[in-house]
Amino acid sequence: KTDVQGSIEPIRSSLERLGTDEVQVRIIHSGTGNITESDVMLAIASKGLIIGFGVGTEEGARRLASIEGIDIRHYNVIYNLIDDVDKALKGLLEPEYAEVIEGRAEVRAVFPAAKGTQVAGVYVNEGKVTRNASVRVRRGKEVVCESTVSSLRRFKDDVREVAAGYECGIGIKDFNDFKVGDILEFFRIEKGA
């Protein structure tokens, strides 16, 4: 989608010249105006990405694209647009990933568990802990382990999530060296725009 009709043809012809014998650009639809939900629906159906040149994205379209995993890219310079698509075709355009901290907890006690494993009794200081979350064990300034939460319990119950201000028992996959005072940091990796 472009801001004016005059931008469509130069962008279209530049994009269609890119590619190799193995991979080409195929333009499914072009038009002017902001990116709408119907543009996202078309991208879902054609497993494509949406390129906006000098335009915005309507809120409903942004929400739908986020839910469906459709990539919307915005440009204001034709050269940058062509260069990015060329890199993507050559497999050089790596998505950016950002780490989002979901919660932190402090180990207050260590308990033996089945088959020689250990469980940490922790107090959730901030955010939340979820079962299967990625976790990093910090001891002072050092990271002693990065793994995933394998078990999460409140009293005798298995739970999916524990919020800040509560205590719980946590097992970490392939880790058996908890020490009182360790900080557990729970995080997820998010693909950036």
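The values are calculated or read from the model by the stated rules, or taken from the named source; none is laboratory data. What you are looking at is a predicted structure, and each value in this text was computed from that prediction instead of being measured. Note that we place each Cβ from the backbone using ideal geometry, even for glycine, and neighbour counts take in every protein chain shown. Side chains are part of the model used for accessible areas, which takes the heavy atoms of the whole protein and leaves out ligands, DNA and RNA. Shrake-Rupley method; radii C 1.70, N 1.55, O 1.52, S 1.80 Å.
Observations, loosely collected:
- Cβ-based net charge around residue 143, under 12 Å, with every Lys or Arg adding one and every Asp or Glu removing one: 0
- Eligible aspartates and glutamates near residue 173 by straight Cα distance, threshold 13 Å, same-chain separation 8 or greater: 146
- With Cα atoms, 0 to 90° folded angle of helix 78-89 axis to the chain main axis: 60
- Scaled against 2.2 N^0.38 Å for its residue count N, the alpha carbon radius of gyration of the chain is 1.47.
- Looking at segment 71-156, the chymotrypsin sites (Phe, Trp or Tyr not before Pro) that sit in a DSSP loop and have at most 13 other Cβ atoms within 10 Å of their own Cβ are 155.
- Dipole moment magnitude, nearest 20 debye, the chain about Cα centre, only Lys, Arg, Asp, Glu C-beta charged: 800
- For residue 191, the aspartates and glutamates whose Cα comes closer than 12 Å to its Cα, not counting residues fewer than 8 places off in the same chain, are 71, 94, 96, 99.
- In order along segment 7-14, the Karplus-derived 3J(HN,Hα) couplings, from 6.51 cos²θ - 1.76 cosθ + 1.60 at θ = phi - 60°, round to 7, 4, 5, x, 5, 4, 5, 5 Hz, and Gly and Pro are given as x.
- Most positive-pole-ward Cα, 67, 53, 31, against dipole of the chain from beta carbon charges: 67
- Scattering profile of segment 42-110 at q = 0.13, 0.16, 0.21, 0.28 Å⁻¹ [log10 I(q)/I(0), Debye over alpha-carbon scatterers]: -0.53, -0.71, -1.08, -1.30
- Taken about its Cα centre, segment 17-92 carries a charge dipole of about 80 debye when Lys and Arg each add +1 at the Cβ and Asp and Glu each add -1 at the Cβ.
- Computed extension gain for residue 45 through residue 174, at 0.36 nm per residue and net of the alpha carbon distance, reaches 42.3 nm.
- Note, ³J(HN,Hα) from phi for segment 117-125, Karplus 6.51, -1.76, 1.60, rounded to Hz, x at Gly and Pro: 8, 10, 10, 9, x, 10, 10, 7, 7
- Rh by Kirkwood over Cα pairs, then Stokes-Einstein D for segment 97-192 at 1.002 mPa s and 20 °C, µm²/s: 163
- Its relative contact order, with pairs defined as Cα atoms under 8 Å and 6+ residues apart, puts the chain at 19 percent.
- Within-14-Å neighbourhood charge of residue 35 [Cβ basis; K, R +1; D, E -1]: -3
- Cα long-axis angle, helix 59-68 against the chain (0 to 90 degrees, to the nearest 10): 60
- In summary, the lysines within cross-link reach of residue 1, defined as a Cα separation below 17 angstrom excluding same-chain residues under 8 places away, comprise 47.
- The portion of the accessible surface of the chain made up by carbon and sulfur, rounded to a whole percent, is 49 (1.4 Å probe; DNA, RNA and ligands excluded).
- For the chain, the per residue solvent-accessible surface stands at 62 Å², with DNA, RNA and ligands left out and a 1.4 Å probe.
- With a 1.4 Å probe rolled over the protein heavy atoms of all chains, the accessible area of 104, 136, 17, 131 falls in the order 17, 131, 104, 136, largest first.
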